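Here the structure comes first, spelled out in structure tokens, and everything after it is commentary.
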Amino acid sequence: MGADVHSRSGQGNSGRWVVAIAAFLVMVTIGTLYSWAIFTQPLLAAFHWDVTTTTWAYATANFCVAALGAVAGGFWQDRVGPRRVALTGVTLWGVGNILAGLGTAAWGAPWLYLTYGVLGGVGAGMAYITPVSMVTKWFPGQRGLAGGLVACGFGFGAFLYNELVPRLAEFHTATDHASLVIAAHAVGGMTTTDIGAVLQVFVGSGVIYLLIGLPAAALFRNPSKESIDRAARANGGLSRGLVPREVIRTRQFYLLWLQLFVNVIAGITIISNASFILEDLTNLPMARIASLFGMVSLFNAIGRLFWGSVSDRIGCRQTFALMFAIQSLVLFLLSDVHDLHLALAGFAIILLCCGGGFGTMPAYSAEFFGTRCMGLNYGLILSAWGAAGVVGPLLMARAKDLSGSFAGLMPLVAAVLCVSTVLPFLMTPLSSTTGGLKLATEPGID
């Protein structure tokens, strides 16, 4: 079966760009996960939750994306190829959103955690790992650019969602009512119509994810083994890669994991509670803040492409060190910023670097471990995203619930980022430390 699939036509430049565009579209559909902040206020007001309760849905989804979905999807992809994994992932993500919209009013936060968080999160993780690991095989000489381009779709999906959903008339009205309820600390105020408008966005979103994501995922395939071998020889590399059980025995794996964890912390914390953090810093009304942050979220997409391209020129280690240093400086300054435009500029830089980590890490992983088991190897590294997605947002939400402010934790996160600038320089060439590690062979499937 695998030989038939790998011998299909379309292995050239035009074929690989079709695959890349399809991968971009799948990423757009799951990137809306990073738009969670637009739901925070309406859910708080509708169901009288606190920030921590609302954030748990986002944190659960992030954990399931990276620690469960990406790992399971990577393992499965290395055996059956990208198409079936992506189709399954998109289906779970779409259905999870639909079920969340249909049942949260009746069954509350646990239902939201189970449907959006677990079911949707696992699906989004499977759909995320597949395009990223697939395109590194199609673009062996431009891994940073290709990985950044596809990962850019994830950030672009969040940007589109942030721009379009708040403009829906009923959702906009519900958000305005939620702001008034929260500002007045009122017990009531959100009507049944308001709550229905918010939950219908989940349902409609899930349907759209299925309509866009499934046809795009159906175009997924790996290049032929012969193409991979030729490209590897042309780029002076081996057409082999380390198997996962050997990867986790290397020091480089844990350094890559830690670098991704640290790089995600600041950006994912901002994304999860963006409106509240900006309100905390500027004391401006939420309605004015929300529309402007939608534009800033575009930098999460730009960063994936920008830093991925930069890494092709200066190297992945130097790129990560630079992103750590920039974020550290910005967060130190941001804790004392009270002007909205300056705060938004700081957020834009943080999101640029957060996105850059996801745009650069696929090439960083392939540089040390190869691409033959890219699915599971990169999936294991992505579990750092899941850990950061739980620790960062919940820590900030808890700080807000207890102290009434987000700003106090920013210098602490900045200090962690500052210390982490040394991590990339602890990476040493794998050949000097791993001697006789077993190398994998390419499965001839999908």
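The values are calculated or read from the model by the stated rules, or taken from the named source; none is laboratory data. These numbers were taken from a predicted model, which means no experiment stands behind them. Don't worry about glycine lacking a Cβ; one is built from the backbone with ideal geometry, like all the others, and counts go over all protein chains shown. Just so you know, the surface numbers come from the protein's heavy atoms only, side chains and all, with ligands and any DNA or RNA stripped out. Shrake-Rupley method; radii C 1.70, N 1.55, O 1.52, S 1.80 Å.
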Assess whether G89 counts as being open to solvent by less than 50 Å² (accessible area, probe 1.4 Å), of a type outside the set (A, V, I, L, M, F, W, C), touching a residue at least 24 places away in the same chain (Cβ under 8 Å) and closer than 15 Å to L382 by Cβ. yes
Unmet criterion (only one of (1) surrounded by fewer than 24 Cβ atoms within 10 Å (Cβ to Cβ); (2) modelled with pLDDT of 90 or more; (3) closer than 15 Å to A266 by Cβ; (4) not basic (K, R)) for Q318: (3)
Do we have I349 as of a type in the set (V, I, T), over 19 Å from V150 (Cα atoms) and buried (at least 24 other Cβ atoms within 10 Å of the Cβ) here? no
Anything in the stretch 100-118 that is without any contact (Cβ under 8 Å) to a residue 40 or more places away in the chain and of a type outside the set (V, I, T)? List them, or say none. G103, A106, W107, P110, W111, L114
Filtering the stretch 416-437 down to residues that are open to solvent by 40 Å² or more (accessible area, probe 1.4 Å) and either aromatic (F, W, Y) or modelled with pLDDT of 80 or more (or both) yields V416, C418, V419, V422, F425, L426, T428, P429
Only residues in the stretch 140-154 that are modelled with pLDDT under 75 count as the first member; pair them with residues that are small (G, A, S), Cβ under 8 angstrom, at least 6 apart or cross-chain, and list the lot. G141/A231; G141/A234; R143/A363; R143/A366
Quickly run through the stretch 376-407 and pick out the residues that are at pLDDT 85 or above and more than 16 Å from the chain's Cα centre (by Cα). L376, N377
The lone exception for G81 - which of (1) open to solvent by 50 Å² or more (accessible area, probe 1.4 Å); (2) closer than 29 Å to A146 by Cα; (3) not acidic (D, E) it fails: (1)
Here is a list of conditions, (1) modelled with pLDDT of 90 or more; (2) in contact with a Lys or Arg (Cβ under 8 Å, 6 or more places away or on another chain), and A348 meets all of them except one; can you say which number that is? (2)
Taking L278, is it part of a helix (DSSP H, G or I), farther than 29 Å from I182 by Cα and open to solvent by less than 10 Å² (accessible area, probe 1.4 Å)? no
Only one of (1) open to solvent by 10 Å² or more (accessible area, probe 1.4 Å); (2) within 24 Å of V416 (Cβ to Cβ); (3) part of a helix (DSSP H, G or I) is not met by I268, so which one is it? (1)
Return the total of residues in the stretch 204-251 being buried (at least 17 other Cβ atoms within 10 Å of the Cβ), within 20 Å of V132 (Cβ to Cβ), modelled with pLDDT of 95 or more and of a type outside the set (A, V, I, L, M, F, W, C). 2
